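Colleague: Sending over a structure as structure tokens; questions will come in a sec.
Readers should treat all values here as calculations from the given coordinates under stated rules, not as data from a laboratory. Only a predicted model underlies this, so the values are computations on that prediction, with no experimental measurement involved. Cβ: placed from backbone, ideal geometry, glycine included. Neighbour counts: every protein chain shown.
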Amino acid sequence: MRKIVILISGRGSNMQAIVQAARNEQWPAEIVAVISNKADASGLDYAAGLGIATAVVANKDFSSREAFDQALQQQIDQFAPDLVVLAGFMRILTTSFVAHYAGRMVNIHPSLLPSFTGLATHRQALTAGVKIHGTTVHFVTPELDHGPIIAQAAVPVLPGDSEESLAERVLVEEHVIYPRAVRWFVEGKLTLDGDLVHIAKDAA
Ligand code: GRF
């Protein structure tokens, strides 16, 4: 069984989608822990309710980014994960932390990268007037929201859309592509070779 640790900062709906898919589809993997940088992240209750180990490493308790990332890394590595999944984990990570998990840490970003990195992506999309928006699953590299792309899904931007209505439409797709990408990884069908993403031809 592959081991997965999921990092969250809030409600964790992507985490929930991955946990459910892992169970329903009987992945060769186990979600061994859900870790948050915020003690009040509601996703923690969901995970604990399913008997998944939870932990909080609160960034506010650390005086530097480096110290926080070191503590987080120690906490993660106690679970010896094969894959670290960032699911709404709202932190910029240090280069050494990212290097430690090279090729085994993935993130979901709510835009069609390379467009609209950073925060408020739905507002950025509405301001830019794009007609197509979406979401991207990618391997994590030191540059924020720039890692090799694994999967993307697009949605239309509709007349009268608000940030909220657009976010809701994108989130539906996030819950499809993120569990699928994580499953590919645990099935050994998704690897990173340098900057190149390899997805097996029979990945479904
Ligand atoms: C998602 O839109 C994700 O793409 C972004 O933050 C949001 C997290 O939502 N990184 P949730 O906590 O998974 O519900």
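Colleague: Condition first: part of a helix (DSSP H, G or I), under 14 Å from Leu72 (Cα atoms) and not small (Gly, Ala, Ser). Now tell me which residues in the range 96-127 satisfy that.
Modeller: Phe97, Val98, His100
Colleague: Would you check which residues across the range 147-176 are more than 13 Å from the ligand (Cβ to nearest atom), in a strand (DSSP E or B) and farther than 24 Å from Val84 by Cβ and list them?
Modeller: Ala154, Pro156
Colleague: So, one more: Of all residues in the range 17-53 being buried (at least 20 other Cβ atoms within 10 Å of the Cβ) and among the polar types (S, T, N, Q), which is nearest to the chain's Cα centre (by Cα)?
Modeller: Ser36
Colleague: Tell me which residues, restricted to the range 128-139, are among the aliphatic types (A, V, I, L, M), more than 13 Å from the ligand (Cβ to nearest atom) and either under 14 Å from the mean Cα position of the chain (by Cα) or assigned to a loop (DSSP other than H, G, I, E, B) (or both).
Modeller: Passing the criteria: only Val130.
Colleague: Of the numbered conditions (1) surrounded by fewer than 20 Cβ atoms within 10 Å (Cβ to Cβ); (2) touching a residue at least 24 places away in the same chain (Cβ under 8 Å); (3) assigned to a helix (DSSP H, G or I), Leu144 fails exactly one; give the number of that condition.
Modeller: That leaves (3) as the condition not met.
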